[in-house]
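Everything below concerns the one structure shown next.
The values are calculated or read from the model by the stated rules, or taken from the named source; none is laboratory data. Quick caveat, the model's predicted, so the values are computed rather than measured. Note: ideal-geometry Cβ built from the backbone for every residue, glycine included; neighbour counts use all protein chains shown. Side chains included, ligands, DNA and RNA excluded: accessible areas come from the protein's heavy atoms. Shrake-Rupley method; radii C 1.70, N 1.55, O 1.52, S 1.80 Å.
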Amino acid sequence: MQIFKVVAIFGIVCLCEIGIVLSHTDELQLSLGTGEESNQQLRRPNVVDTNQVRIVSETNRLSSDGYEIYAGQFPYHALVYINNENPKPWESSIVQTAGSLITPNYILTSAEVLRKNILGNGKTYGFVELGYRNGADRERQQVIDFTNSSISIHPRFSGGLFYNIATIRLEHPATLNRYVQPIRLPRLSDNRTFEMMEGTSLGHHYNGTMRYMRNQVLPHDNCLLQEYVCTNSFIGGAFCNRVDGAGLTVEDEDGPILIGFTMMVYRCNLNERDINTRVSVYRDWIVDHSDYVFDF
């Protein structure tokens, strides 16, 4: 069990890079103190003083907060909030993770956070924020609810492998505009490994802004398993603001394409390869658990 630190912002736990490694078995939970919050509509945390929260490692010159995202730059990105309502209010929690909009109705994300916070709780629900905008424009973001029954989680193990993928069906379709658009997935005939291409990862800074980092995609042989896609911290930097479930994209002649999403968060004082779930491995499962239609 790793010893870790959780930074709490107004009752929300953010599964982000905070200078540690989050293993698959580590549990995160934040006591709310009273039950009143669970009956109110949830909102993103307010801006906090960045002088009070600094996570860039001073011992690693490659560590970086990344680059600030402007509105509409990554219109597929989704912030996912999970509310675990417990009869004992002090055991209730709100957990923040991330995902990618793949159709107006579905979010693709990591299974691990949902598995820990959905399957083990009787009354669980949440909401998704789409159309990221910072500052006063936050109120124009789309907030769409989801329930426990709208979540599909891949079986934990199959053939001895850990399958870390899930979909969330939104309570109503997202309204598409310049700030909200689904992301394209690798077509059925696309057998590329995307090695040596520039991959873009998204994250969440503690001052309330979204961040991104670009790293080179590593060859298969430099990653752990074929089911993963890894990026190189030595080319692009060690991203200190990764969020579990956030998308990894590359650009080809047709535009951005989602090739993976964050499945393991490392402390950024180490230049570890960044490990993502490889989307193309799970095409059949995605078809069965969403309304996404793959191009041939």
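Quick one: which residue in Arg211, Arg242 is open to solvent by less than 30 Å² (accessible area, probe 1.4 Å) and among the basic types (Lys, Arg)?
It is Arg242.
How many residues, within the range 202-238, are free of Cβ contacts under 8 Å to residues at least 60 places away in the same chain and not in a strand (DSSP E or B)?
10
If you go through the range 239-255 one residue at a time, do you hit one that is in contact with a helix residue (DSSP H, G or I) (Cβ under 8 Å, 6 or more places away or on another chain), among the aliphatic types (A, V, I, L, M), under 18 Å from Glu112 (Cβ atoms) and touching a residue at least 60 places away in the same chain (Cβ under 8 Å)?
So far as the range 239-255 goes, no, none of its residues is in contact with a helix residue (DSSP H, G or I) (Cβ under 8 Å, 6 or more places away or on another chain), among the aliphatic types (A, V, I, L, M), under 18 Å from Glu112 (Cβ atoms) and touching a residue at least 60 places away in the same chain (Cβ under 8 Å).
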